[in-house]
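A.B. asks: Handing you this structure, nothing more for now.
The values are calculated or read from the model by the stated rules, or taken from the named source; none is laboratory data. Quick caveat, the model's predicted, so the values are computed rather than measured. Cβ placement follows ideal geometry from the backbone for every residue including glycine, while neighbour counts extend to all protein chains displayed. For accessibility, only protein heavy atoms count, side chains too; no ligands or nucleic acids. Shrake-Rupley method; radii C 1.70, N 1.55, O 1.52, S 1.80 Å.
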Amino acid sequence: MENKPIVTCAGDQNLFTALYGSLTQQLPREPMEWRRSYGRAPKMIYLEANFVQFKEELLPKEGNKALLTFPFLHIYWTDCCDTEVYTASVQEDIQRWQAALRLHGSVDWLIAVVESDNKKKNKTNILPRTSIVDKIRNDFCNKQSDRCVSLCDPLKESSRSQESWSSFLMKLRTLLLMSFTRNLGRFEDDMRTLREKRTEPGWSFCDYFMVQEELAFVFEMLQQFEEALVQYDELDALFTQYVLNFGAGDGANWLGSFCQPVRSWNGLLLRRPIDMEKRDLIQRGEASLLDLRSYLFSRQCTLLIFLQRPWEVTARALELLHNCVQELRLLEVSVVSGALDCWVFLSCLEVLHRIEGCCDRSQLEANSSHTVGLWTYATEKLRSLGDLCGLVSENGPNSEDLNKTVDLLAGLGAERPETVNSPQSPYKKLKEALSSVEAFEKHYLELSHAAMEMYRAIGRLRSARLLGKSLAEFYMRKGDPQSAENFLLDSLKSYVSESWSLPLTHTRKQIAECQKQLQKMDEYPSLITEHHETTSIRTRDQTVCINLFLCLTDARVALSMSSVTRLQELCCRPSSALVHVSAALLLELRLCSLMPVPVTLEHISASIHFTEEQPGSTAQKRAAQNPDGTVTFPAASPASASALELCEMLEHSPSDNTLSSAGLACRNMHLLMRRDDSATSLDTPNTALTALALEDGAQMLRASDVTLSPGNNSIIFTSQKPGVYTLRQLCATLGRVQLVLPHLYPVVQYEVYSQEPQLSIQPLTEHLLAGLPQQVKFTILTGHYSVKKGDALQLSNTDSMPVLHSSTRSSALSIQSSEKVTSISLPVTPPYHTLEFLLDVLCHIPSCPARMESERLTNGQISHRTRKNINIFVCVFQVSVDCPWSIYSTLVSLTFHVPFKVKHSLLSVGRRKFIQVCLQNVSDTNFRLTNQTLTENQHTPSLELLSLNTTTHSQCVFSVWELRWSGVSPVSLHCEFSASFAPADAPDAALKPYRYDFTLERVSVSTLLSVCAEIRPAEGEQDCRTGALCRLEVSLTRLSEPSDSDEEYSDTDGLRTTRLLYEVIDNNSNWAVCGKSSGVVSMPVAAMATHKVHMEVMPLFAGHLPFPSIRLFKYLPHHASPVIPPDTDSCLENDSLSLDDQAETASLRSRGSVQSLGSGESAQPRGPMPKRQAFGPGQVFNGTQGQQVLVLPAADHHLMEVNVT
């Protein structure tokens, strides 16, 4: 549209003609900011104008609202510079010009005075340059002096001329923009007033349409295409609202002109900027609904193309075509059958051709998602026309169809001039497609494949498959099932994955019909069953499917059982699904038959899988999940699609809160409509059937001659073979058809176990005690064995552990004992029952306990254990039991704890000898001990054992006997300690004997040395105190002369002596030995010879402290070492003694020693080192053991630390 704002030019036309070219070129070069009312955002616009000669006819008449012919500005041009000429002619001409403007109400004018230096040179008596301009301003511009503009030689290139010209252009743009604003504002107010009168009688939408379109034309003229598009959108919305109100019963009178029958359906016309024919029809009020919609959309399309938004055109076009069809129904417009299809088809192609004309091929391919909807809609309408005109049937169109075709072509009218020369115009395509069957098939397939390719290119596979399904129906009606099959199978994928029941049912029915025509009998049965299983089809269709299904006996096929029955529940009896082999396990399958008639199955079997698991391992978990033993199977598999989650949506009017609309919304649309076709491909019926074969070699539970009635059915299986089984599949055989349920979910398991008889012997207490009768519990789990009359347990007897006859045993038991075997007769007991009875056993305490080092366990042998830091002796017996259900003997271990710990020792006090026997109770039972005796087994006549014992009730008893003899003392003694014991609360009749045998070696060894010590406080002190030095005096006394083999002697100046090593150490850290804590002394070899050693010690704690430990050793010098003379005081002979045992040397050091033994000349090389040797047992009597000394705390200590021992 090339309309421009009109600007009239009066005055000197020659002058205007000279400036016209520069004016039209330079006016739109610079933008102007256009500010409008009502808070609308300002915009930058480029102003253009159509300069025409002023004529009074151009001025607007009263009532004329046309803005396209409205002169927005009036300019008067003059180059007069002579006063006389101005007064004579120019002034009068300007007066007439302004009078005409005032007469028509035009207030937008401008007087341009052009001055030239050439004219000034020719005139000598002229006024100054400003005289004419000032006179014009005084005469005509008293209050608007800016309406008179002076131009100085605008055609020259001087700076003054250019500045004057630029100023004039700016003034012209400003005045022109002011005129636009004022006149458009007035026009909008008038238009708004007219729209508000739409409820009044006689208001016409067509008149209002022309007024608002006038405003759109002005915006388009100003290149404000967005504003112009808004005007058409408002008209579109207003008309749509009136149509909707009409459909709701609130119709306007002016809508009657749009309800006239449709006589022309030649489609949209988008190749013209303005369709003047349809605009004239609208202006005269004779336009139909299609005429109005076509013209309105053509204007919107033109503006969208100007705005470079071609893809919005396609979206609006698709919406327009659908809305027009609905609006014709709402207005109840009479339309020839097929006319709307023709109009939609032509309109779709027209829009596509318009878009192709303004976009290149790469843009079309990249934005095919915007155009594919039009391609699909055109395909559907062409298919509808083909069905209407008989072009899809196998026999072709008949005479009635040909008459319909002629009527439709007549309504198209003549082809428009714009498309006459186009070989691929929509008009020619439609006319050719309706002319013959072959042409229709060509165009329909071309459109269908083009739309499908576009859908695939943009990833909309569902839409592509939907088109393919329509194409398959076309092939079926054409009698070509081979071409239709692939499209139908492809469509089935989407319906199966998304659980669209009705389309799925319809598609399966089509595939079954297709395969029937193709004679594919291996696939045909599966489609029949899958089709009949859908609950949405009618019962009559189900019956037909079953009758066809029962006739399939030519080949063995495997079909899904879900198409015939639904597995609902499985009940196990017992509920734990755990039974032994002699019991019956019942598995009840509850099926729901989907067949409308009863069907007799030859057999139905369950495939089971055997596992090596121990029976009962999963019983607890299964009982927790299904306490009643019933497993419920879901209606759909876990992988099935989600169900629809629908909610209602109600919209109320904001004014009166009345219900305005109601609908349904899907909450999980994002799950149902998500795209999953690009993932792993779904199983089609052809591929799914291959997975329905039964597992080879599977074990079976089978029920024969089962009749499935419509609805719920129950089938019972039984199983007795032992093992753990998992149900895998169900298979029903019907003739040569196998109905298979390939997987059971959730997993169902049952267990049949066979348990071997078991014998266990358990004590009733935590520990069995030796020496006392103890009860043990015999437990027999019969398992699968049935205990018969005469069956008995044969126990092997041992002398150390006899089996006693219990007074509390069951009367049904009979015990017979012999020298080697104890026989226990068992009562009759059925399988899988428990038999329990008690027996008393007694383990004799051995008289000679084994050594602690013994670890080998044999029958009746004692071993050593440690419990709570106490050494415990146990006796382990292996009892051999012969059971009637086994040919092998069963070994049962019984462990008896010896309740006593016993030890003996030989004590020496001076020349006296004592035998001590310590008997300690190490069990949790309290005992009393009596009649302790000690006898010597060899019966030596000169030997006497004098008892020094008293009665005690302690749980640790020390018994002492003094050993006396006359003559030569024995070298060794074999003794036997005996006593009687019983529990503390038992009577005397319950006393049991206890015997302990032991041997004493080196009894004849006499006491050689006696060690005594005394600790005295420092001089001037009465008591020892902590931190103060005390004197320690050690006295060594020889009680008897040693034999030659006991010690080494040395003679020094005729004195026979032996060398002894003493050590004073304190392992408890109570004392600090000051000075030297060890030394070597020479001891005379004479009875009652005494030697004393003095040293200083310091107590570290207060209280009664035990004496430091004093040890005495034999000192054996090396033969190669020189003789070291004894010290003069006979107290210490060798201060730096080095021993060959470093561990013993370390023990010589004391915590409080000032100097260690290894200092001094110990670092010097020396010869072979001496050795030390311990005295034998009883050779040294240490009188300091058990002695204590009182130590007081220091006087100035506020804190006292006391050590109590």
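A.B. asks: Pulled fully out, how much extra length does the chain show between His743 and Ala248, if you take 0.36 nm times their separation in residues and subtract their Cα-Cα distance? Walk me through the numbers on the way to the answer.
C.D. replies: Values: separation 495, 0.36 × 495 = 178.20 nm, distance 5.55 nm.
Here the segment from His743 to Ala248 would lengthen by 172.6 nm.
A.B. asks: To the nearest 0.05, how large is the calculated FRET efficiency for Ser660 and Glu438 if R₀ is 56 Å and r is the Cβ-Cβ distance? Could you put the intermediate results ahead of the total?
C.D. replies: Details: r = 52 Å, r/R0 = 0.93.
FRET efficiency, Ser660 to Glu438: 0.60.
A.B. asks: Given R₀ = 41 Å, FRET efficiency for Asn323-Lys61 by Cβ-Cβ distance, to 0.05? Display every interim value, and only then the final one.
C.D. replies: Values: r = 39 Å, r/R0 = 0.96.
Working from the Cβ atoms, E equals 0.55.
A.B. asks: Arrange the peptides 987-994, 48-55 so that the one whose residues have, on average, the most other Cβ atoms within 10 Å appears first. Don't skip to the answer; put the middle values down first.
C.D. replies: Details: 987-994: 13.0, 48-55: 15.9.
Going by the mean number of other Cβ atoms within 10 Å, highest first, we get 48-55, 987-994.
A.B. asks: Once label points are set 7 Å from the Cα along Cα→Cβ at both Arg667 and Asp924, what is their separation, rounded to one decimal in nm?
C.D. replies: Computed distance between label sites Arg667 and Asp924 equals 6.2 nm.
A.B. asks: Right, here's the next one. Please report, as a whole percent, how much of the solvent-accessible surface of region 914-1040 comes from carbon and sulfur atoms (probe radius 1.4 Å). Please report the intermediate quantities before stating the final value.
C.D. replies: Working: 3110 of 6380 Å².
Carbon and sulfur atoms account for 49 percent of the accessible area of region 914-1040.
A.B. asks: How many angstrom separate the Cα center of region 451-467 from the Cα center of region 1-34?
C.D. replies: Computed from Cα coordinates, the inter-centre distance equals 55 Å.
A.B. asks: May I ask you to compute the full-extension gain from Asp134 to Ser954, defined as 0.36 nm times their residue separation minus their alpha-carbon distance, rounded to one decimal in nm?
C.D. replies: Values: separation 820, 0.36 × 820 = 295.20 nm, distance 14.87 nm.
Full extension of this stretch gives 280.3 nm more.
A.B. asks: Taking the mean number of other Cβ atoms within 10 Å as a proxy for protection, how do you rank 491-500, 647-656, 352-361 from highest to lowest?
C.D. replies: On the way: 491-500: 19.4, 647-656: 8.8, 352-361: 14.8.
Peptide ranking by packing, descending: 491-500, 352-361, 647-656.
A.B. asks: Under a point spin-label approximation (7 Å from Cα along Cα-to-Cβ), what is the Gln1188-Ser399 distance to one decimal in nm?
C.D. replies: According to this spin-label approximation, the distance is 14.5 nm.
A.B. asks: Could you tell me how far the Cα centroid of region 359-381 sits from the Cα centroid of region 70-116, in Å?
C.D. replies: 59
A.B. asks: On full extension of the chain, what length is gained from Ala984 through His652, given 0.36 nm per residue of separation minus the C-alpha to C-alpha distance? Display every interim value, and only then the final one.
C.D. replies: Numbers: separation 332, 0.36 × 332 = 119.52 nm, distance 9.62 nm.
Going from the current span to full extension adds 109.9 nm.
A.B. asks: Okay, next question. So with the 1.4 Å probe, I'd like the accessible area per residue for region 752-797, rounded to whole Å².
C.D. replies: Numbers: 2100 Å² over 46 residues.
I get 46 Å² per residue for this part.
A.B. asks: Can you compute the FRET efficiency between Thr600 and Gln699 using 1/(1 + (r/R0)^6), with r the Cβ-Cβ distance and R0 = 35 Å? Round to the nearest 0.05. List each step's numbers first, then the result.
C.D. replies: Values: r = 25 Å, r/R0 = 0.71.
For Thr600 and Gln699, the calculated efficiency is 0.90.
A.B. asks: Let me ask another. From a point 7 Å beyond the Cα of Arg284 in the direction of its Cβ, which residues of region 262-277 have a backbone N at a distance under 12 Å?
C.D. replies: The answer is 277.
A.B. asks: Considering only Ser1078, Ala979, Ser1050, whose Cα is most displaced toward the positive end of the charge dipole of region 963-1088, charges sitting on Cβ of Lys, Arg (+1) and Asp, Glu (-1)?
C.D. replies: Of the listed residues, the answer is Ala979.
A.B. asks: Here's another thing I want to ask about it. For labels at Arg29 and Leu330 in the simple 7 Å Cα→Cβ model, what's the distance in nm?
C.D. replies: 5.3
A.B. asks: Next question, about the same structure. Give me the three principal axis extents of region 186-345 from the C-alpha atoms, as integers in angstrom, largest value leading.
C.D. replies: 44, 38, 26
A.B. asks: Roughly speaking, what is the centre-to-centre gap between region 270-307 and region 759-795 when only Cα atoms are used, to the nearest Å?
C.D. replies: Comparing the Cα centres of region 270-307 and region 759-795, I get a distance of 109 Å.
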